[in-house]
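Asker: Quick one: the structure is below, questions incoming.
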Amino acid sequence: MAKKSKKRHKRSGKKRGLQRRWRIYAIVGVALLAAVGGVLCLKNCGLDVMLKGSIVSDATATADSSYQFGDLNPTQLAAAKELGITPAETRDELKERLDNLVKIASNDDYRVDYMEHSMPYLTHGAEQLLSDIGKGFQQRLKEEGYREHRIIVTSALRTIEDQTKLSKSNANAAKQSAHCYATTFDITYTRFYRPTGDGADIDTKQLANVLGATLKELRDASRCYVKYEMRQHCFHITTRK
């Protein structure tokens, strides 16, 4: 009887061991699926997954008055109409016009934020301008010995439907926007992406001014129009090429 009891005990012990292992495998599998699903969801939503680095932000940061450019909507809208696409009423309609546009995604020059009211597409000229802004911004930081940061694009191409919805929730949004022509994008001056911790520290106010200086150089060279948006915490930029 004792031997049979020991055998039964061994069998039940092995069974419990197998059950524990399977539970562990199941938990690990679920965790992996959740992680992969989360990454895919974020990418499908247009939000780039940052595998390293961090976001530095200060909602109170402002650029100096010399960088608070005042190229108003009529000026930017005129350039957008001349250089951009025909505005699309809806996103379904817009899908038929994306072949001649560039889809922007996070890279070594800039980061693309989650865009609720717009889509990450620009004309070739606007994307080139954006890249040049990103490169120029980083070059200035490097020359002054500061750690690397990247600008963050918060808005790009909108449909008329997008703009209408936005104007209902944001009184500052124009009824006719240069964003509808794929020539225009917004860059925040209160948030920046920091890929590494190397180099001298720099605060968000200083970063806003470095970005402002970069834009001033390009604006003075007739590359773009720029509007400093106080309420939206961004530079509203339209290409002139």
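The values are calculated or read from the model by the stated rules, or taken from the named source; none is laboratory data. Because the structure is a prediction, the values reported are computed rather than measured. As a convention, Cβ positions derive from the backbone with ideal geometry for all residues, glycine included, and neighbour counts pool all protein chains shown. Please note that ligands, DNA and RNA were not included when accessible areas were found on the heavy atoms of the full protein model with its side chains. Shrake-Rupley method; radii C 1.70, N 1.55, O 1.52, S 1.80 Å.
Asker: What FRET efficiency comes out for Ala78 versus Ser222 if R0 is 22 angstrom and r is the Cβ-Cβ distance? Round to the nearest 0.05. Spell out each step's value before the answer.
Answerer: Working: r = 14 Å, r/R0 = 0.65.
Efficiency computed from Cβ-Cβ geometry: 0.95.
Asker: Here's something else I'd like to know. So who's got an amide H within less than 5 Å of the one on Cys234, skipping anything under 5 residues away but keeping other chains? H placed 1.01 Å off N, in plane.
Answerer: Counting only residues 5 or more places away or on other chains, the set is Tyr189, Glu229.
Asker: Moving to a separate point now. On a 1.4 Å probe surface of the protein chains, which of Asp58, Asp203, Asp99 comes out largest in accessible area, and what is the full order? Mind showing how you got there, number by number?
Answerer: Details: Asp58 60, Asp203 80, Asp99 140 Å².
Accessible-area ranking of Asp58, Asp203, Asp99, largest first: Asp99, Asp203, Asp58.
Asker: Which values, in whole Å and largest first, are the semi-axes of the equivalent ellipsoid of region 80-229 obtained as the square root of 5 times each eigenvalue of the Cα gyration tensor?
Answerer: Values: eigenvalues 164, 47, 42 Å².
Taking √(5λ) for each Cα gyration eigenvalue gives 29, 15, 14 Å.
Asker: Using a 1.4 Å probe and ignoring any ligands, DNA or RNA, find the accessible area of Tyr181 and quote it in Å² to the nearest 10.
Answerer: 30 Å²
Asker: Further question: Counting only heavy atoms of the protein chains, get the accessible area per residue of region 195-234 (1.4 Å probe) and round it to a whole Å² value. Provide the component values of the computation, followed by the final result.
Answerer: Values: 1860 Å² over 40 residues.
Here the per-residue accessible area is 46 Å².
Asker: Please enumerate, by chain and number, the aspartates and glutamates with C-alpha under 13 Å from the C-alpha of Lys216, excluding those fewer than 8 residues away in the same chain.
Answerer: Asp64, Asp71, Asp132
Asker: How many nm is it between the label spots at Asp64 and Thr196, if each spot is 7 Å from the Cα in line with the beta carbon?
Answerer: Those two pseudo-labels are separated by 2.9 nm.
Asker: A further question on this structure: Considering only protein heavy atoms and a probe of 1.4 Å, how much of the accessible area of region 53-138 is carbon and sulfur, as a whole percent? Each step should come with its number before you reach the end.
Answerer: Numbers: 1960 of 4390 Å².
After summing per-atom areas, the C and S share lands at 45 percent.
Asker: Going highest first, how would you order 64-71, 116-123 by mean Cβ packing within 10 Å?
Answerer: Numbers: 64-71: 13.8, 116-123: 20.5.
Final packing ranking: 116-123, 64-71.
Asker: Hey, another quick one. For a quick check of your reading of the filter: which GluC sites (Glu not before Pro) in region 121-205 sit in a DSSP loop and have no more than 15 other Cβ atoms within 10 Å?
Answerer: Details: sites: Glu127, Glu143, Glu144, Glu148, Glu161; in loops: Glu144, Glu148.
The qualifying sites are Glu144.
Asker: Taking the Cα centre of region 180-241 as origin, work out the dipole magnitude from +1 charges on Lys and Arg Cβ and -1 charges on Asp and Glu Cβ, in debye rounded to 20. The partial results should precede the final answer.
Answerer: Values: 10 positive and 7 negative charges, 65 e Å.
About 320 debye.
Asker: Averaged over all directions, how much area does the convex hull of the C-alpha atoms of region 46-151 cover when projected, in nm²?
Answerer: Values: hull surface 35.7 nm².
Answer in nm², one decimal: 8.9.
Asker: Follow-up question, since we're still on this one. Using θ = phi - 60° and the Karplus form 6.51 cos²θ - 1.76 cosθ + 1.60, what ³J(HN,Hα) does each residue of region 135-151 get, whole Hz, x for Gly and Pro?
Answerer: For region 135-151, the Karplus-derived couplings read 5, x, 4, 5, 5, 5, 4, 5, 5, 8, x, 8, 5, 5, 9, 10, 5 Hz, x marking Gly and Pro.
Asker: Right, here's the next one. Cut-off 14 Å, label point 7 angstrom out along Cα-to-Cβ of Gln206: give me the residues of region 125-140 whose amide nitrogen falls inside.
Answerer: Within reach of a label on Gln206: 140.
Asker: State, as an integer percentage, the relative contact order of region 129-224 based on alpha-carbon contacts under 8 Å between residues 6 or more apart. Mind dumping the intermediate values first?
Answerer: On the way: 114 pairs, mean separation 34.5, N = 96.
For region 129-224, the relative contact order is 36 percent.
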